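The values are calculated or read from the model by the stated rules, or taken from the named source; none is laboratory data. What you see is a predicted model, and the numbers here were worked out from it, not measured in a lab. Every residue, glycine among them, receives a Cβ derived from its backbone with ideal geometry; neighbour counts consider all protein chains shown.
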């Protein structure tokens, strides 16, 4: 009987640890990249939903090659408009497209650039739905797969992902098609931590920051894991301490916080904690929006993109 209890306990503990690695600790260990055959990873491309794009390869300061997609808002052809709108209607969360007003033309000039930073166990292709919504709002969009993710080279680390993000921002600020426009950073989960770090180091180069369901830090996040949390939090090698870095983002850079209140991966208290930190030096354009959705589907919530669109308009509109 005792041996049976030990076996059951061991199985339970193993399950807890496995789920921890999958849902929480992978940003620390970067298991997505280290345990997968890069050649077998599926990376969707924007043309799969009717978006024209450029397949870019950016090289980081330490020589790593990154697979990226650049989607220019002004070149989306009328020939692809119907496919684009069909996808938008099909996946609209509330099933009601009556309030949706598509642009009358796709050759209107872009009003902003948005760099999207994906979460862990994801790649650039997983952010195409978000890119669609932003292109509809006349934003150029740059999607990148971090080193070791998708079809990018290299091995991931916190420093490495910081260099990847910097390479993306440098591309946008140096490119003649994008350099004159305001640049917004948009990161979800791990991508939120990447975006906060980049904004803290380049405050004059960006005009706004959007974070969705991200954490105060990796150690604070994994402390809540039963049995093993305290041990794991003490040996974390990639802390991603957003709570420490957020105060370095000045009030001149407006922030939009997007929180899924049913998030079971990053509890909403982390987003609320970041909001409290931000309020100590906030912009009048800062906003905190919450939705009764989970970690990976918050962007499907009714009203989500209306909130994003309204905030973007307030940030990028010409100042009087």
Residues located in the range 58-71, provided they are part of a strand (DSSP E or B) and either more than 22 Å from residue 134 (Cα to Cα) or touching a helix residue (DSSP H, G or I) at 6+ places or on another chain (Cβ under 7 Å) (or both): 58, 59, 65, 66, 67, 68, 69, 71
Where a residue in the range 195-208 is closer than 9 Å to residue 169 by Cβ and its partner, wherever it lies, is in a loop (DSSP other than H, G, I, E, B), with Cβ under 7 Å and at least six apart: 206/253
Filter pass, residue 216 being modelled with pLDDT of 95 or more and in a loop (DSSP other than H, G, I, E, B): yes
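Using the structure shown, decide if residue 312 is in contact with a strand residue (DSSP E or B) (Cβ under 6 Å, 6 or more places away or on another chain), in contact (Cβ under 8 Å) with a residue 40 or more places away in the chain and more than 21 Å from residue 122 (Cα to Cα).
no
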Odd one out for residue 224, checked against (1) in a helix (DSSP H, G or I); (2) out of contact with any helix residue (DSSP H, G or I) (no Cβ under 8 Å at 6 or more places or on another chain); (3) in contact (Cβ under 8 Å) with a residue 24 or more places away in the chain: (1)
Residue ID - surrounded by the fewest Cβ atoms within 10 Å (Cβ to Cβ), chosen from residues in the range 253-277 that are touching a residue at least 24 places away in the same chain (Cβ under 8 Å) and farther than 23 Å from residue 306 by Cα: 264
Test set (1) over 19 Å from residue 114 (Cβ atoms); (2) assigned to a loop (DSSP other than H, G, I, E, B); (3) touching a strand residue (DSSP E or B) at 6+ places or on another chain (Cβ under 7 Å) - residue 290 fails condition number: (2)
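From the list 96, 164, 170, which residue is surrounded by fewer than 16 Cβ atoms within 10 Å (Cβ to Cβ) and either modelled with pLDDT of 70 or more or in a helix (DSSP H, G or I) (or both)?
So the residue among 96, 164, 170 that is surrounded by fewer than 16 Cβ atoms within 10 Å (Cβ to Cβ) and either modelled with pLDDT of 70 or more or in a helix (DSSP H, G or I) (or both) is 170.
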Evaluation of residue 138 against (1) at pLDDT 95 or above; (2) over 22 Å from residue 295 (Cβ atoms); (3) in contact with a strand residue (DSSP E or B) (Cβ under 8 Å, 6 or more places away or on another chain) (one fails), failing number: (1)
Matching residues in the range 123-161 - criterion: being closer than 14 Å to residue 69 by Cβ and in a helix (DSSP H, G or I): 124, 125, 126, 127, 128, 129, 130, 131, 132, 134, 135
